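The values are calculated or read from the model by the stated rules, or taken from the named source; none is laboratory data. These numbers come from a predicted model, not from an experiment. Neighbour counts run over all protein chains shown; Cβ positions are idealised from the backbone, glycine included.
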Amino acid sequence: MDMPQDWKHGTLEDLCSLKQNSCRPCDSGLNVYVGLEHIESSRFFVKAFGKPDQVVSLKNRFAINDLLYGKLRPYLDKASVMEVDGICSTDILVLTPKNRIPPIFVLGLLHTDEFIQYAKQTTNGVNHPRTSWASLREFPIQIPPLSEQQKIAAVLFKIQQAIEIQESIIKKTQELKKSTLQYVFTHGLRGEMLKETEIGPMPESWIIKKIGDLGKIVTGTTPPTKNREYYQDGHYQFIAPNDIGKTTRIYKAEKKITDKGLEVSRLLPKESVCFVCIGSTIGKVGITVEEMTTTNQQINTIIVNNDYDPYFVSYLMDYKSEYIASFASPSPVPILSKGKFEEISIMLSPNMTEQLEIANVLMTIDETIEIHAAKKSALQDLFKTMLNKLMTGEIRVKDLDIDISEASA
C-alpha cells in the first residue's frame, strides 16, 4: 500500500530515544520495580509491580510516559507505557518519546506485527535471544502528522480501555463464582443446620459418597501421534488439560481426531465431567458439551449416572479440586491414579431438585463470564486489526472527532 501523501518516511529513532539512567535499587528513592514478568504480552499498561528492595544490582530508571520494551525474546511482544516513576530490569529498554509525540502512538508501533518480526531478526544469542536499541532504532516507519498521531493513539487507547473493562468484569464475576461455590457446597440452598463429618461440615440432609459411586470413571488415552489417519482432518474433540478453561464447559479442543482415532480412544458422551489427574494443572475441571469426545491420559472422566446432575457434579468437583488433588502422589509430576481417584470421599446433596438449583445458579455466573470473555476476544481481534491498519495509513482517522486528551502526553 502506498504511503499517504501527508506522511513521511523515518525510523523509530525519529519518534523516541533511549534513556540510560542506571542506579542501585537501594539508592533510587523510588518504590516501584518492573521486571519482564510484570509486563504482559500485547498489553499497553503494567498492572502489577515489584519493590526495589526485592532486587539487587544496577537497574534502569524510568518516568511517567516512558516506554518499557522487553529486549529479551522480543517475540513475546512485551512493551508498555508507564503511568508511574520507577526502576526496571536491565533486560528492559527505557524509551522516551520526542517532540510531544504521544507515547501510545510509539507504543502502537512497537506492538505491530511488522515491528515484532523486525525485532526477532535482530536478536543475538541462542538460549537468551536479545535485541538492542542499536538495531531497533533503525526500524523503518511511516510517520503521520502530529495531529493524526494523537488521534491514532486515542483510538488505540479507547480499545485498550474497553478490553480492560471486560477483564475487570470477568475478574469480579470469577470472584463471585468462587464465593458462591464455597457457600452452596458448604450450606446448600435449604437453610439447613450443619453437621460435622470426617471431611468437614455439611447440611444435615447431605450425604458422603466416593467419587467412584457417582458414575463410571474413564481414564483417557492418546492415539499414536505418528499415525496421521488418527488426526488429519479430524473433527472429534480430543481434550487435553489446556483445553479446560475458566468456566465449566469445554467448548473447543486444540486437537481433533478422526473416526479412526475414535476407534482407538475411550469415547465419552455429552456432559461427562473431566478432572485433570496428572501434571502441573492437576485439579482442573470441565464438562463436555458434544456428543462424542475423548481425552488424553492426563484426565480421569466421570460419566455421571442418573442419580446426579452432571453440572452439579462438575461444580462440586471444581469446588473440591484442591482437596481431591491433595491425594495425588507426592512427586515432581503429581499423579492421581484412577483407583485412588475413585476412592476419594466427597459430600453432596442427594436431592436432584437441589442439585439442579445449585447448578443453575453457577451456570448463570459461568454464562456471564463466557459472554464477557467473548467480548474481550472480539475487542482484542479488533485492536490487532486496527493497530496494523492505522499504523500503515490503510485506515485514516485524521478527520475523526475524538477526544485525544487521555492518550496524549
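Right, Glu83: assigned by TED's automatic domain parsing to the domain that holds Lys19 and either among the polar types (S, T, N, Q) or modelled with pLDDT under 95 (or both) or not? Yes; evaluated as a whole, the condition is true for this residue. Being in contact (Cβ under 8 Å) with a residue 60 or more places away in the chain, at negative phi, in a helix (DSSP H, G or I) and of a type in the set (S, T, N, Q) is not true of Gln142. Of all residues in region 202-219, those satisfying the criterion of being modelled with pLDDT of 95 or more and of a type outside the set (D, E, K, R) are Pro203, Ser205, Trp206, Ile207, Ile208, Ile211, Gly212, Leu214, Gly215, Ile217, Val218, Thr219.
Please work out if Gly188 is touching a residue at least 60 places away in the same chain (Cβ under 8 Å) and not aliphatic (A, V, I, L, M).
Working: touching a residue at least 60 places away in the same chain (Cβ under 8 Å): yes; not aliphatic (A, V, I, L, M): yes.
When the stated conditions are applied, Gly188 passes them.
When we screen Glu342, Glu357 for residues that are touching a Gly at 6+ places or on another chain (Cβ under 6 Å) and within 30 Å of Ser326 (Cβ to Cβ), the only hit is Glu342. Against the numbered list (1) on the phi > 0 side of the Ramachandran plot; (2) assigned by TED's automatic domain parsing to the domain that holds Ser179, Gln380 comes up short only at (1). The set of residues in region 297-317 being over 18 Å from Asp366 (Cα atoms) and either of a type in the set (D, E, K, R) or in contact with a helix residue (DSSP H, G or I) (Cβ under 8 Å, 6 or more places away or on another chain) (or both) consists of Gln298, Ile299, Asn300, Ile302, Val304, Asn305, Asp307, Tyr308. Is it the case that some residue within region 94-101 is hydroxyl-bearing (Ser, Thr, Tyr), in the same structural domain as Cys26 (by TED's automatic domain parsing) and crowded, with 21+ Cβ neighbours inside 10 Å? Among the residues of region 94-101, not one is hydroxyl-bearing (Ser, Thr, Tyr), in the same structural domain as Cys26 (by TED's automatic domain parsing) and crowded, with 21+ Cβ neighbours inside 10 Å, which makes the answer no. Residues that are charged (D, E, K, R) and surrounded by fewer than 16 Cβ atoms within 10 Å (Cβ to Cβ) were ranked within region 376-395; the one that is nearest to the chain's Cα centre (by Cα) is Asp381. Number of residues in region 368-409 that are of a type outside the set (A, V, I, L, M, F, W, C), free of Cβ contacts under 8 Å to residues at least 40 places away in the same chain and over 23 Å from Ala153 (Cβ atoms): the value is 1. The single residue among Ile299, Ile324 that is under 16 Å from Gly245 (Cβ atoms), buried (at least 20 other Cβ atoms within 10 Å of the Cβ) and of a type in the set (Val, Ile, Thr) turns out to be Ile299.
Listed here are the residues, each with its yes/no results for (1) under 24 Å from Ile207 (Cα atoms); (2) modelled with pLDDT under 95.
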position: Thr248; (1), (2): yes, yes
position: Asp259; (1), (2): no, yes
position: Arg266; (1), (2): no, yes
position: Cys277; (1), (2): no, no
position: Met292; (1), (2): no, yes
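Here is the figure for region 119-171: residues that are farther than 20 Å from Glu406 by Cα, in contact with a helix residue (DSSP H, G or I) (Cβ under 8 Å, 6 or more places away or on another chain) and of a type in the set (A, V, I, L, M, F, W, C) total 7.
Here is a list: Glu291, Glu263. Which entry is surrounded by fewer than 21 Cβ atoms within 10 Å (Cβ to Cβ), without any contact (Cβ under 8 Å) to a residue 24 or more places away in the chain and under 20 Å from Thr225 (Cα atoms)?
On the way: Glu291 fails: under 20 Å from Thr225 (Cα atoms).
After applying the criteria, what remains is Glu263.
Selection within region 328-348: residues that are β-branched (Val, Ile, Thr) and assigned to a loop (DSSP other than H, G, I, E, B). The member of this set that is surrounded by the most Cβ atoms within 10 Å (Cβ to Cβ) is Ile344.
Residue-by-condition table, conditions (1) outside the structural domain of Leu379 (by TED's automatic domain parsing); (2) part of a loop (DSSP other than H, G, I, E, B); (3) of a type in the set (Asp, Glu); (4) touching a Cys at 6+ places or on another chain (Cβ under 9 Å):
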position	(1), (2), (3), (4)
Asn127	yes, yes, no, no
Ala134	yes, no, no, no
Leu156	no, no, no, no
Gln160	no, no, no, no
Gln166	no, no, no, no
Ile169	no, no, no, no
Thr173	no, no, no, no
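Please tell me if Ser57 is touching a Pro at 6+ places or on another chain (Cβ under 9 Å) and on the phi > 0 side of the Ramachandran plot. Against the criterion (touching a Pro at 6+ places or on another chain (Cβ under 9 Å) and on the phi > 0 side of the Ramachandran plot), Ser57 qualifies. In region 59-80, the residues that are over 15 Å from Phe44 (Cα atoms) and in contact (Cβ under 8 Å) with a residue 60 or more places away in the chain form Cβ pairs under 9 Å with partners that are β-branched (Val, Ile, Thr) and part of a strand (DSSP E or B), at six or more places apart or across chains, as follows: Lys71/Ile92.
Taking the criterion of being at pLDDT below 95 and either assigned to a helix (DSSP H, G or I) or on the phi > 0 side of the Ramachandran plot (or both), would at least one residue in region 90-105 satisfy it? Yes: one or more hits. For region 382-392, name all the residues that are closer than 17 Å to Pro102 by Cα and either outside any helix (DSSP H, G or I) or out of contact with any Ser or Thr (no Cβ under 9 Å at 6 or more places or on another chain) (or both). Answer for region 382-392, where residues must be closer than 17 Å to Pro102 by Cα and either outside any helix (DSSP H, G or I) or out of contact with any Ser or Thr (no Cβ under 9 Å at 6 or more places or on another chain) (or both): just Leu390.
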